[in-house]
Amino acid sequence: MSLTLALYAQLTAAPGLVAKIASYGGAPAVFTSRPVPQDAVRPYITLDPDDAQPLETLAFGEGERVERVVYAFADNTGSAVAIEGIEASIVAALDGARLAADESVYPLCRVVRRFDAPTDATLTGRAVRVQVLRTPA
């Protein structure tokens, strides 16, 4: 299982977040690739591609630190309340989380930055950058 799937599992297991986003194909609208399907309804979440390069390789084979960005998009209604609630739920689901995957263990996921996502007149968005420590299983 990749880091993308570990993040997906963590986000889709967070009931407070799932309640705030749309569904797609019977699952929470958390997309692991872009572009999202044309018939996807907002609000939804997208993840950076899984080809993120390590920031730093730790000494003695102890692992590496990798950064990824989680994006949330919603319809632009003139109010930021909904998108800020989704952003807060992403932070609550990921900050301090321990993620697990088949080949690797991600013992610590930390939110390192929150910022506005690229948008247009029809949508609003937020982005949450996380730093993940990846260690051998």
Handout entry: 0 to 90° range, to nearest 10: angle between helix 3-12 axis and the chain longest Cα axis
Key = 50 degrees
Practice task
Calculate for the chain the 222 nm mean residue ellipticity that helices alone would give, adding -39,500 (n - 2.57) per DSSP H run of length 4 or more and normalising by residue count, nearest 500 deg cm²/dmol.
Solution key: -6000 deg cm²/dmol
Problem - Residue-by-residue Karplus 3J(HN,Hα) for region 22-38, coefficients 6.51, -1.76, 1.60, Hz, glycine and proline x - result: 6, 10, 8, x, x, 10, x, 6, 10, 9, 9, 8, 10, x, 6, x, 4
Practice task
Please compute the Cα-Cα pair-distance distribution of region 63-134 with 5 Å bins starting at 0, giving whole percents from short to long.
Solution key: 4, 17, 25, 19, 14, 10, 7, 4, 1
Exercise for the section: Find out how many positive minus negative residues lie around Pro43, taking Lys and Arg as positive, Asp and Glu as negative, among other residues whose Cβ is under 14 Å from that of Pro43. Expected result: 0
Completion exercise
Per 5 angstrom bin, beginning at 0 and ending with the bin that holds the maximum distance, the Cα pairs of region 3-136 fall in percents of 2, 11, 21, 24, 19, 12, 7, 3, 1, 0, 0
Practice task
Could you work out how far helix 81-94 tilts from the main Cα principal axis of the chain, as a 0 to 90 degree angle to the nearest 10?
Solution key: 20 degrees
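Any read-out appearing in this document is the output of simple, stated calculations on the displayed coordinates, not a laboratory observation. Because the structure is predicted, anything quoted here is derived from the model rather than measured. Here the Cβ is made from the backbone with ideal geometry for all residues, glycine too, and neighbour counts use every protein chain on show.
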